[in-house]
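Please see the structure below; I have some questions.
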Amino acid sequence: MLLVFMLIAALVSACGNKAISEDTTKAAAAQTNQQATDPESETDPKAAQAIKIKHGFGETEVPLHPKRVAVFGLEDIMLSLEAPMVYAYDFIGYYLDDEIQKLNIPVSGSADFKPNLEAILQTNPDLIIVQQYSIDQKGYDELSKIAPTIAFAPDDWKSSIIEIGKALGLEDKAHSVIQANEEELKKAKEQIVQAVGADKTVAYIRPSDKDLQVFFPSFNLVYKELGLLPYQGIAELQQKTKDDWGINLSLEDLPSITADYIFAIYGGSIDTEDAFQKEVSASKAIEELKLWKSIPAVKEDHVFKVSSRHWMSSGPIAESREVDDVVNAVTGKH
């Protein structure tokens, strides 16, 4: 076993940041075969068990109760499940950076949203869980050479957490996380309605020095889960595009945002710290525009800057932070 591990380490060091070589893949396969025939594994009933999990690239048989799980892009769900990880996507400025750093595990260390195969291989995982949009079929096949791999899109974290819970033997915990989330949403809605009534409207936007993005209700829970209503212009904008996420507008359209409350984000969810601060600084120029100052919510001081890092991310932790942002802003606790 030690000899095989040393062989893999040597091969990984040689290949650098290039794709896994054929020899490295064979070494990983040899390691897997050796583990499968290990006498200790044969006497452990759990080691012989497996479960089939449906995911974004099909259906994969994964080991039951995996001990070494490498994760890329779905750390929010894993942290919520309190599940073990031996590798994670993380960088300075990532919204989960503090929580992941406490685990003292290897991390990607870069905002580049593409799995580093060699780094993942070095952690000797028995299961890989990856965000579906970070890879294509070829990338999935390469990861699968290292260990059984399951991939999930971020669109619906509640269905993903159930499947991941099954794979990890934590399905009950997954249901508990969902229940806690639903209770949090219900409580937040009650707080907001009690504070401002049930007829207040909201807009979720991303202004820049070039244009304006307005997001639609299908894109974010702020429109439908917290007692706030989409402002009237949303329905009209939806008629102008086939896109489900939202629409790009000219800055000339700023006065048409007549919502009682506006939540504005800047930058992207995986921007580096420098890139994020650059976007925040640029917002000061926008706020000096007469068009911006003419917005009703601006006049009422009801425009709130929120972090794209969790507002544009998916998972129970990101959603909980977003809910806190809305409650604190609308009820005057910001």
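What are the pairs with Cβ atoms under 7 angstrom where one residue, in region 279-306, is surrounded by 12 or more Cβ atoms within 10 Å (Cβ to Cβ) and the other, located anywhere, is at pLDDT 90 or above and among the aromatic types (F, W, Y)? Sequence gap at least six, or different chains.
Partner pairs satisfying both residue conditions: I286/W292; A297/Y261; V298/W292; H302/Y261; F304/F263; V306/F263.
I've got another one for you. Taking region 98-123 as the region of interest, how many residues are closer than 22 Å to S307 by Cβ, charged (D, E, K, R) and surrounded by 15 or more Cβ atoms within 10 Å (Cβ to Cβ)?
Residues flagged as closer than 22 Å to S307 by Cβ, charged (D, E, K, R) and surrounded by 15 or more Cβ atoms within 10 Å (Cβ to Cβ) within region 98-123 amount to 1.
Follow-up question, since we're still on this one. Just for region 228-276: of the residues that are touching a residue at least 40 places away in the same chain (Cβ under 8 Å), within 24 Å of E322 (Cα to Cα) and among the charged types (D, E, K, R), which one is least open to solvent (accessible area, probe 1.4 Å)?
Here the residue is D271.
Please find, within region 253-280, the residue that is modelled with the highest pLDDT out of those that are under 19 Å from H310 (Cα atoms) and among the polar types (S, T, N, Q).
S269
When only residues in region 125-145 that are without any contact (Cβ under 8 Å) to a residue 60 or more places away in the chain and in a loop (DSSP other than H, G, I, E, B) count, which is farthest from V107 (Cα to Cα)?
Among those residues, the one meeting the criterion is D136.
Of everything in region 129-150, what is over 16 Å from the mean Cα position of the chain (by Cα) and surrounded by 20 or more Cβ atoms within 10 Å (Cβ to Cβ)? Give them in sequence order.
Y140, L143, I146, A147, P148, T149 - these are the residues of region 129-150 that are over 16 Å from the mean Cα position of the chain (by Cα) and surrounded by 20 or more Cβ atoms within 10 Å (Cβ to Cβ).
Take region 322-334 and flag every residue that is closer than 16 Å to E183 by Cβ and open to solvent by 50 Å² or more (accessible area, probe 1.4 Å).
Correct list: D324 only.
Between a residue in region 181-195 that is closer than 10 Å to T331 by Cβ and open to solvent by less than 20 Å² (accessible area, probe 1.4 Å) and any residue that is in a helix (DSSP H, G or I) and modelled with pLDDT of 95 or more, which pairs come within a Cβ distance under 6 Å, given they are 6 or more apart or on different chains?
A188/V323; A188/V327; I192/V330
While we're here: Could you please give the count of residues in region 146-194 that are part of a loop (DSSP other than H, G, I, E, B), within 12 Å of L74 (Cβ to Cβ) and of a type in the set (A, V, I, L, M, F, W, C)?
Qualifying residue count for the region: 1.
The values are calculated or read from the model by the stated rules, or taken from the named source; none is laboratory data. Note that the structure is a prediction, hence the values are computed from the model and not measured. Positions of Cβ are generated from backbone atoms using ideal geometry, with glycine treated the same way; all protein chains shown enter the neighbour counts. Quick note on the areas: whole protein, heavy atoms, side chains included, nothing else; ligands and nucleic acids left out. Shrake-Rupley method; radii C 1.70, N 1.55, O 1.52, S 1.80 Å.
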